[in-house]
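Notes for the one structure printed next.
The values are calculated or read from the model by the stated rules, or taken from the named source; none is laboratory data. Note that the structure is predicted; figures quoted are calculated from it, not measured. Note that we place each Cβ from the backbone using ideal geometry, even for glycine, and neighbour counts take in every protein chain shown. Side chains included, ligands, DNA and RNA excluded: accessible areas come from the protein's heavy atoms. Shrake-Rupley method; radii C 1.70, N 1.55, O 1.52, S 1.80 Å.
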Amino acid sequence: MTEKNWEKMDEKEFERQLAAELPELPPDDISHEVTPWRRTVNRILIGIGLNVITLNFWGLNDFLPAIGMILCLLGFRALRRESGWFRAGLVITAAKTAFCLSTLVINMTVYREMLEEEELFYELSLLQAALLFALLICLWGGFRRIQRRAQTGSGHAVGALCLWYAGLWLLAVWETESMWVGIAMIVLFLLIIRSLSRTSHEMEEAGYVVEPAPVRVADRTLAGTLTVLVILGMVIACLFFSRYPMEWELAGENTAQTEEIREELTDMGFPEMVLKDLTQEDLLACQGATQVLTGEESYRYFSGEDDETAEDENQETEDSVEEDLTDGEAAETGYELTLTAVAVQLADENDSWKIFLHFAWEGNPGFIGTESLQVYGSWNNRYFWGWNEDFTGQVLCEKDGETYRSAYHNLGLKTAAESTWGIWLGAAFSFPQDCEQARGYVSYTTYSYEEETSLDSWLYYTHQESRLQYPALTAMERHYSGAESGLGDAFETLYTQFYFEVE
């Protein structure tokens, strides 16, 4: 301030000179943006909005709530000294943030499928909904406490938000699907948020000032650290936890009894390629067989080739069995997958047949995740066929000159989604990434109600060829649900029908 003759100034002149020396104030819209109270409340309101109104595509139903909870975390930690309600809200926000961020990581693993099968995700979603409702209650209590201090407003806007969220869950329980009800709820939510924004502005105009609680980690550093940790966790989950845990062991030797059964089945035309992969239990079940029927189809499978010819051939063989490669010669730019069916008539009084459905890879197409077999069997024709739920099978591969085998991760019946039909037998598994001669089979026993009829089995093989998907579907889920991953279809499915006339 320059030197003035202060002794000769009156009171008005003093105030005029003092105002002239002060720097120019920023515009109102800019000052409001940098006001701690306005910035903090906006973070909380936006975060809540991202949690209650979500978009169910491209994984946004998981990513947006996670972003919203990080914003709420930054907001509540700045207000934690203003009220005990805000401190409780900070604890709840931290717990829900941990849930949201861990969900992003779990969704990149095969364990997501296991949690869904146990309905744990449903229970966790109820817990997260309860946490969000408790968070709204804490926000309501904190607003009322601050409004009493500022002597403005009544806090009804936050109370209305609590009632709105409770109504949203009642609609979900009643499974309301009306478009107009959904639109009305969105409009009502926007009106409540607008009222909350006005309430916040009134408190600011009334002169209420918030001094943000001191923190050791800056907001940007905290948000950036959480983001990096989640991305790192998702990458690790994708690379190391995207396979089923399999119990691989060295394949055992044949016994004298099973060797005799092998010779009998070979004489009846049982393919040796399939026969050598059967378990001792399945071989013993075929003892005394009276008839063997076989069928075989081979495919040329291409893994991400850019050549137009390869794409054309792949399209032909993907839709149906268009080309047999019975000479065993693999395509130059792809891999051969052979699907084989064997029907063995058993020596019993029920006219039973034991069906073997076998697959074998020539070469390694890149086993980066999950694989699955799906069988639509004759049991779906209940007027002619019945079945025993004694499903068996195993997967095998070669590694370091040794043969390894493992039971399937999951083998059993499942009713398909509405987009498909019938009851399916599914087998879920994963191969080691560097294995060779990957192969396996499933088997079931069926019996006929008629003396002369036909027996058929549709065999589907689903192979994962890309990790770029969110959430990380398994091959089994891909088949049963008919869903595609968020970043494109990461799976290839080949299928065929095996048909036998039996007498």
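Going through (1) open to solvent by less than 60 Å² (accessible area, probe 1.4 Å); (2) at pLDDT 80 or above one by one, L188 falls short only on (1). Scanning segment 279-290 for residues that are without any contact (Cβ under 8 Å) to a residue 40 or more places away in the chain and surrounded by fewer than 18 Cβ atoms within 10 Å (Cβ to Cβ) yields a count of 2. Mind listing whichever residues of segment 444-478 are farther than 20 Å from L494 by Cβ and either more than 17 Å from the chain's Cα centre (by Cα) or open to solvent by less than 10 Å² (accessible area, probe 1.4 Å) (or both)? Correct list: Y444, T445, T446, Y447, S448, Y449, E450, E451, E452, T453, S454, L455. Within segment 291-299, is even one residue modelled with pLDDT of 90 or more and open to solvent by 70 Å² or more (accessible area, probe 1.4 Å)? Taking every residue of segment 291-299 in turn, none turns out to be modelled with pLDDT of 90 or more and open to solvent by 70 Å² or more (accessible area, probe 1.4 Å).
Of the strands (runs of 3 or more DSSP E) lying entirely inside segment 307-390, those containing at least 1 residues that are modelled with pLDDT under 75 and under 29 Å from the mean Cα position of the chain (by Cα) span 335-345.
Filtering segment 146-163 to residues that are touching a helix residue (DSSP H, G or I) at 6+ places or on another chain (Cβ under 6 Å) and at pLDDT 75 or above leaves A160, L161, C162. Would you point out the residue of segment 191-220, among those that are modelled with pLDDT under 80 and acidic (D, E), that is surrounded by the most Cβ atoms within 10 Å (Cβ to Cβ)? Going through the qualifying residues, I end up with E204. Regarding K399, is this residue within 33 Å of the chain's Cα centre (by Cα), modelled with pLDDT of 75 or more and of a type outside the set (S, T, N, Q)? Yes: the conditions hold for K399. For segment 244-254, does any single residue satisfy the condition of being of a type in the set (G, A, S) and open to solvent by less than 80 Å² (accessible area, probe 1.4 Å)? For segment 244-254, residues of a type in the set (G, A, S) and open to solvent by less than 80 Å² (accessible area, probe 1.4 Å): present. Among the residues examined, F429 does not qualify as over 25 Å from the mean Cα position of the chain (by Cα) and buried (at least 17 other Cβ atoms within 10 Å of the Cβ). Applying the condition of being closer than 25 Å to H463 by Cβ and out of contact with any Lys or Arg (no Cβ under 8 Å at 6 or more places or on another chain) to segment 379-400 and asking which residue is most open to solvent (accessible area, probe 1.4 Å) yields D400. Candidates are the residues of segment 452-503 that are under 24 Å from F57 (Cα atoms) and of a type in the set (S, T, Y); the one that is modelled with the lowest pLDDT is S485. If I go through segment 41-96 residue by residue, how many of them are hydroxyl-bearing (S, T, Y) and open to solvent by 10 Å² or more (accessible area, probe 1.4 Å)? Qualifying residue count, segment 41-96: 1.
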